[in-house]
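Next up is a structure, given as structure tokens.
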Amino acid sequence: MSLYDKYHSNHNKNYMYELIKNVIHKEYEVDITSIKSYIDFFEMNYKESFLKIDTEDIKDINKHLLDTQISFFQKNILKREQKFKSNTESSLDKTNVNDSKEDNESIHDVLLSLKRVINLDNSSRFNYKLNVNLQNKPVVIEKIIIPIEDCSLFIGPFIVLSINEHIIQLHLRGTIKVSSREYGIYSSYSEEEYTIKEDKIKVSFMNQMFTKPSILCDVYKIKDYDKGQIVVDKPITKEFLVDDYIRICNFENIALEDKSCLTNQYKVTEIKDNQLLIECSDPIKEGLYIMNLSLQHTIHVSY
């Protein structure tokens, strides 16, 4: 039997689950079988441990699984329970009510992929930078709302977010449908704080195998425009759906007498190869770019 078959067998998976469960119960007197975030993390971590550890010995992989599950429990679930207990106790202290409120106040913000810095050679909604300064702030990722696409990022209910090299593993909590698209609501397994040391934010998305989508650039240069029909520089049938909304961008500082096209949004009514038909009466020049607003996501943070 191969190492892959041994590790992924039901016998090994059940054995490791029970072993880790018993270790946690013995050390912390906590039953993890009813904690969904722990179970979700175990399912993802079980697969990833095999991919991360370069060995021919199943014991090495199982040890990594054990260590990372215990670490996840200590840093997230146990820490969350202790924090909840501490907050509950402090809320009962009437003399410190006002101080507690001030200490617990946080700022909520939304990072928008549509406001990213555009690099026409290597920038997409899955890999970009933002001119947002959160330097030296303890940031917590609350949730991400992202359109679910037919691409390698969404091979399962887990995705990985990298913010300035901090790795945050996310799991799908629910979906919402808007027009022709379905959007996933993803949450982190923990409320861990990440301190951003740089004055800009770098964002990357990966699937559960830590592979980035192969899209290099997702803005399209307008080669021709006439009465609502846009011809762009490459095929776009996989990137747009009827009823999507687009925006027009002027990345090359083209002189415009009427700039209304840069502030309006336009509905897509038909798609063919490298052509879009949109509902539009504004003048649009060749050399401008289009961005699909319906494919953009939001990252909700607090600090």
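Bear in mind these aren't lab numbers, they're just calculated from the coordinates by the rules spelled out. Everything quoted here is computed from the prediction, not taken from an experiment. Cβ sites come from the backbone with ideal geometry, for glycine too, and all protein chains shown count toward neighbours.
Show me, for segment 245-258, the HN-Hα J-couplings you get by feeding each phi into the Karplus relation (A = 6.51, B = -1.76, C = 1.60, θ = phi - 60°), rounded to Hz, glycine and proline as x.
Once θ is set to phi - 60°, the couplings for segment 245-258 become 10, 10, 10, 9, 10, 10, 7, 10, 6, 6, 5, 10, 6, 10 Hz.
In debye, nearest 20: dipole of the chain around its Cα centre with unit charges on the Cβ of K, R (+) and D, E (-)?
Numbers: 39 positive and 47 negative charges, 26 e Å.
The calculation lands at about 120 debye.
Whose amide H sits under 5 Å from the amide H of Val139, counting only residues 5 or more places off or on another chain, with H placed in the peptide plane?
Residues meeting the amide H criterion: Tyr194, Thr195, Ile196.
Name the aspartates and glutamates eligible as straight-distance cross-link partners of Lys137: C-alpha to C-alpha under 16 Å, and not fewer than 8 places from it in the same chain.
Filter leaves Asp103, Glu105, Asp109, Glu165, Glu191, Glu192, Glu193, Glu198, Asp199.
Kyte-Doolittle cut-off -0.5, length cut-off 15 Å along the helix's own axis using Cα: show which whole DSSP H helices in the chain pass.
Numbers: long enough: 10-28 (27 Å, -1.27); 36-52 (23 Å, -0.66); 58-72 (21 Å, -0.17); 79-91 (18 Å, -2.35).
Both cut-offs are met by 58-72.
Is any residue of segment 275-303 close enough, with backbone N under 19 Å, to a label point placed 7 angstrom from the Cα of Lys177 along the Cα-Cβ axis, and if so, which?
Answer for segment 275-303: 294-295.
State which entries of Lys26/Lys143; Lys115/Lys197; Lys212/Lys267 exceed 23 angstrom in Cα-Cα distance in the structure shown.
Working: Lys26/Lys143 33 Å; Lys115/Lys197 21 Å; Lys212/Lys267 29 Å.
Table pairs above 23 Å Cα-Cα are Lys26/Lys143; Lys212/Lys267.
Give the whole-number value, in cubic angstrom per residue, of the convex hull volume spanned by the C-alpha atoms of the chain.
Details: hull volume 54.8 nm³, N = 303.
About 181 Å³ per residue, rounded to a whole number.
Would you order Glu279, Glu29, Glu142 from fewest to most other beta-carbon atoms within 10 Å of each residue's own beta-carbon? Spell out each step's value before the answer.
Working: Glu279 11, Glu29 7, Glu142 16.
Listed from fewest to most nearby Cβ atoms, that is Glu29, Glu279, Glu142.
Order the peptides 191-202, 171-182, 125-136 from the highest to the lowest mean number of other Cβ atoms within 10 Å of their residues. Don't jump to the answer; show the numbers that get you there.
Values: 191-202: 15.3, 171-182: 12.5, 125-136: 17.0.
Final packing ranking: 125-136, 191-202, 171-182.
Continuing with the same structure: Could you go through segment 155-163 in sequence order and give the Karplus-derived ³J(HN,Hα) for each residue, using 6.51 cos²θ - 1.76 cosθ + 1.60 with θ = phi - 60°, rounded to whole Hz, and x for Gly and Pro?
7, x, x, 10, 9, 10, 10, 10, 10
What aspartates and glutamates could a cross-link reach from Lys21, if we take a straight Cα to Cα line under 13 Å and drop same-chain neighbours fewer than 8 places away?
Filter leaves Glu29, Asp31, Asp67.
If amide hydrogens are placed 1.01 Å from N in the peptide plane, which non-local residues have theirs closer than 5 Å to the one on His297?
Those qualifying (amide H under 5 Å, at least 5 residues apart or on another chain) are Ser113, Leu114.
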